[in-house]
Amino acid sequence: MGDTMLSQDEINALLNKAQSDQGSSDTQAPADSSPADNTNTLTEEEIDTIGEVGNISMGTAATTLFSLVNKKVEISTPVVSMATWDNIVAVYERPCVMVKISYTKGLHGSNILILKENDVKIITDLMMGGDGTNTDGEITELHLSAISEAMNQMMGSASTSLSSMLNMTVDISPPQSDLIDLTQQINGGDIDDFLNGTFVKIEFKMLIGDLVDSKIMQLYPISLAKDMCNLVTSNMEKDSSSTVEDTSSYSQPAPQPQPQPQAPVQQPQNGEQYMQQNQGSYPPPQQPVQNPVNVQGAQFTPFVQGITPAMSNENIDLIMDVPLEVTVELGRTHKTIHDILEFAPGTIIELNKIAGEPVDILVNGKYVAKGEVVVIEESFGVRITEIIK
């Protein structure tokens with residue numbers, strides 16, 4: 001086969017074609033990657049909104065946890081950031097408990113709470129009436145069941161706050177708790193699909209009395225976080241527009257009907273009287289035109305003395321079937337807010353009544369009689385001993 005030689009023109013044509021192909025591929029690359037950048041991250045405004053949502057939700061959840069453990073609970077202001085599964089594994093190097101909560105109404109998606117193993121043991125011990133020091137041994141199904149119930153009540157109250165913010169009903173499914181050992185090779189997608197990529201991480205500092213000084217994490221898929229931000233923003237815009245409309249309605253009074261021009265009314269007698277009384281003063285002041293008004297005395301039915309008993313009984317019969325609420329009051333007392341917050345199962349409240357003293361009987365809140373408590377078969381009853389005049 002003989003050698004084939006290329007001319008200089010052919011060589012230049014090949015080089016120009018290669019450069020044009022390279023340039024077209026460079027210009028298409030940014031266009032393909034830009035949509036992914038918009039959907040895989042949050043803006044600064046969205047991060048602030050998610051932080052505010054988490055702050056309000058966890059504030060309500062902290063109040064609920066306080067009622068469960070009977071200890072002061074503080075959950076600090078959240079720190080919002082973007083994370084991957086590798087970031088979570090690097091932070092939590094020991095076994096931890098992951099609680100998955102799915103939204104069933106209002107929002108679509110799920111979020112995951114991560115708590116440290118020792119924190120779960122302390123919370124569980126406090127819920128069972130302990131002092132929070134019984135943390136020996138491994139986490140059992142009892143611990144997971146207890147923390148699931150705690151998270152169910154906490155996130156349920158948080159969903160109520162979220163419903164108020166979003167102006168819609170938000171419900172959750174019963175939480176699922178699992179003990180995860182992050183020191184092993186575990187794929188985040190086995191827990192939830194959104195853990196395969198980038199997601200939203202909200203970190204809180206949690207204090208429970210002097211027993212817990214730790215951190216908890218809440219993980220959201222980016223799509224769910226964006227939906228929440230859009231709902232909050234639209235709800236705020238509606239509130240703002242309604243406020244402006246209300247303000248304008250108050251600031252702009254309703255137009256008043258303009259009086260129709262009246263035909264001039266001649267009053268020679270009034271003018272002549274005015275000229276006689278005020279010499280040299282002309283013209284006389286205009287007298288207001290008064291339209292004739294028909295005024296009649298009110299007619300009342302004459303009062304008949306001495307209503308017969310038969311008529312009175314008929315009137316009473318009309319209200320005989322009106323239901324009234326009868327309340328038996330054992331006693332009362334006054335407590336401060338500090339005393340109320342210390343209420344727990346087993347707390348004894350001292351009343352202002354002495355043992356054996358008659359109880360008060362009220363009808364629709366009005367004190368009408370006194371009585372003594374009796375037992376009728378298996379129910380309590382009250383025997384009236386005195387009618388209050």
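Points worth noting:
- Of all lysines in the structure, those lying under 29 Å Cα to Cα from K71, and not within fewer than 8 positions of it along the same chain, are K100, K116, K121, K201, K205, K215, K335.
- Atom-type composition of the exposed protein surface of the stretch 106-242 places 45 percent of the accessible area on carbon and sulfur (1.4 angstrom probe).
- Kirkwood radius and radius of gyration were both taken over the C-alpha atoms of the stretch 83-202, and their ratio Rg/Rh is 0.99.
- With a simple spin-label model that places each label point 7 Å from the Cα along the Cα-to-Cβ direction, the separation between S76 and E237 comes to 3.6 nm.
- Listed peptides 172-182, 356-366, 51-61 by packing density, highest first (mean Cβ within 10 Å): 51-61, 172-182, 356-366
- The stretch 228-234 - phi-based ³J(HN,Hα) in whole Hz, Karplus 6.51/-1.76/1.60, Gly and Pro as x: 5, 4, 5, 5, 5, 5, 5
- Residues listed by number, the stretch 158-189, amide nitrogen under 18 Å from N230 label point at 7 Å toward C-beta: 166-170
- For the stretch 94-99, 3J(HN,Hα) computed residue by residue from phi via the Karplus equation (6.51, -1.76, 1.60; θ = phi - 60°) reads 10, x, 9, 10, 10, 10 Hz, glycine and proline entered as x.
The values are calculated or read from the model by the stated rules, or taken from the named source; none is laboratory data. Predicted, not measured: the structure shown is a model, and the values here were computed from it. Neighbour counts run over all protein chains shown; Cβ positions are idealised from the backbone, glycine included. Ligands, DNA and RNA are excluded from the accessible area calculation, which covers all protein heavy atoms including side chains. Shrake-Rupley method; radii C 1.70, N 1.55, O 1.52, S 1.80 Å.
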